Every structure is written in C-alpha cells, then in structure tokens.
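Novice: Submitted below is the structure of interest, expressed as structure tokens.
The values are calculated or read from the model by the stated rules, or taken from the named source; none is laboratory data. Because the structure is a prediction, the values reported are computed rather than measured. Cβ sites come from the backbone with ideal geometry, for glycine too, and all protein chains shown count toward neighbours.
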Amino acid sequence: MKNFFIILLLLCVKLSNAQHDINNTFYSSMEFNIGNYYGLDVHLNYVFKEKYTIKAGYSSNLRKPQSQPQDFSSGVIGIILLNLPNPRDHLETFQIGLGKIYNLNQRNTIRAHVSLGIGFTVIKEPENWERINTGVIVSNYNWNYKKKNSLSLIINPKIEFPIKRLYGLTISPLVHLNKDRTYYGVGIGQMIGILRKRTN
C-alpha cells in the first residue's frame, strides 16, 4: 500500500509541472490532529482553474488502547521514556480526494476548501493482554497486536488562510468513516506551495 502512496506522490509532482499556468497550482499541507485519536495529516494538493482540487494524503493517528487493563503500568522504563514503549491503538490511512475551493473574501486570503475522498485504512490494536510479575522496572503486561484493513470515507472541509502567495495556515475538521472505526477531530496546520495568484 505504501507503493500506492508513492505512485500518487509522483503523480502529484508530475502535475506540479503545470505551475506555468497561473490557474493551476500545487501545494502541500500538514496538520496536527486532535480528537478521539491524535496525530498527523499530510496532503499534496493540485488546484485546477483556481477552483477544483485533487489531493493525495496520508494520516497517522494514535490513542490509548481501548482494551488496556485498568491496572496496566509502563514501569520505570516507560516513565523515563515518556511512555513511548507503551501500546497504542493506531489508525493509519492512505487517501485520495476531490474538492472545491470557495473564496470567502475579495483579497482571496480566506477560503473554504471542501473535499470528499476515499481511503485505505490500516487499524492496529493490542490484544491478548497477559499479566506478568516484573516488579516496577518494566511493564506488568505482555500483549500482541491485531491488524485489519478497511475502506474509509473521508470528509475533510478546511478553512484555509493563504496569507502569503507561498505560505498559509489551515483549520480543518476531519472525519474518517469505516465499518470498524470512526475518527473525528480537528487539525491545525500549514500550507506551502503556490497558493494564489501573484498580486501586483
């Protein structure tokens, strides 16, 4: 599946050759998400005729395992390493989408970017918790991960602020719907690329 994402990335780079046409632009965006999971969302966006968009993206989101026993402890090592070795529910999505841009002011520095897409989601969650007697140094449980795949519907309206021609900010509600898990949250991030026409 990662090869599929690389192909999409190369396709978007190819489309960026249309930058000589000011009506067609290309930019990247990255948001930090927080909701029932937390994580990162990265997109490559191609804008056609300053209005219609095609995008390819990747998101990686984590949360505390819903199946984690109440008496779970990461141990002293886990505390020292800021809980990095602890288990997490992981929601990873490769996605493509279509959208449309609506300018909300005359200067074109505030716009709505409404998009809908599909995604291939990989869900990885710990299971088979087994309590062990390890003292206080390491975790008091062993576990292993189960993994499953699912198709998702991606709903991702954004408010974009292209404050400069090459740089802007974003605020974006985000929903991933599939038969196994639903992600909802809000992302705050930045855009880099050709975002709007050059002003004289």
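Listed here are the residues, each with its yes/no results for (1) among the hydroxyl-bearing types (Ser, Thr, Tyr); (2) out of contact with any helix residue (DSSP H, G or I) (no Cβ under 8 Å at 6 or more places or on another chain); (3) at pLDDT 95 or above; (4) closer than 25 Å to GLN66 by Cα.
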residue: LEU166; (1), (2), (3), (4): no, yes, no, no
residue: ILE171; (1), (2), (3), (4): no, yes, yes, no
residue: LEU174; (1), (2), (3), (4): no, yes, no, yes
residue: ASP180; (1), (2), (3), (4): no, yes, no, yes
residue: TYR183; (1), (2), (3), (4): yes, yes, no, yes
residue: ILE194; (1), (2), (3), (4): no, no, no, no
residue: ARG198; (1), (2), (3), (4): no, yes, no, no
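Novice: Which of the residues spanning the range 167-182 are in a loop (DSSP other than H, G, I, E, B) and in contact (Cβ under 8 Å) with a residue 60 or more places away in the chain?
Specialist: ARG181 - this is the single residue of the range 167-182 that is in a loop (DSSP other than H, G, I, E, B) and in contact (Cβ under 8 Å) with a residue 60 or more places away in the chain.
Novice: What's the total number of residues in the range 156-166 that are surrounded by 16 or more Cβ atoms within 10 Å (Cβ to Cβ) and not in a strand (DSSP E or B)?
Specialist: Of the residues in the range 156-166, 2 are surrounded by 16 or more Cβ atoms within 10 Å (Cβ to Cβ) and not in a strand (DSSP E or B).
Novice: Sticking with this one: Give the residue that is modelled with the lowest pLDDT, with candidates limited to residues of the range 142-164 that are aromatic (Phe, Trp, Tyr) and more than 18 Å from ARG107 (Cα to Cα).
Specialist: This residue is TRP143.
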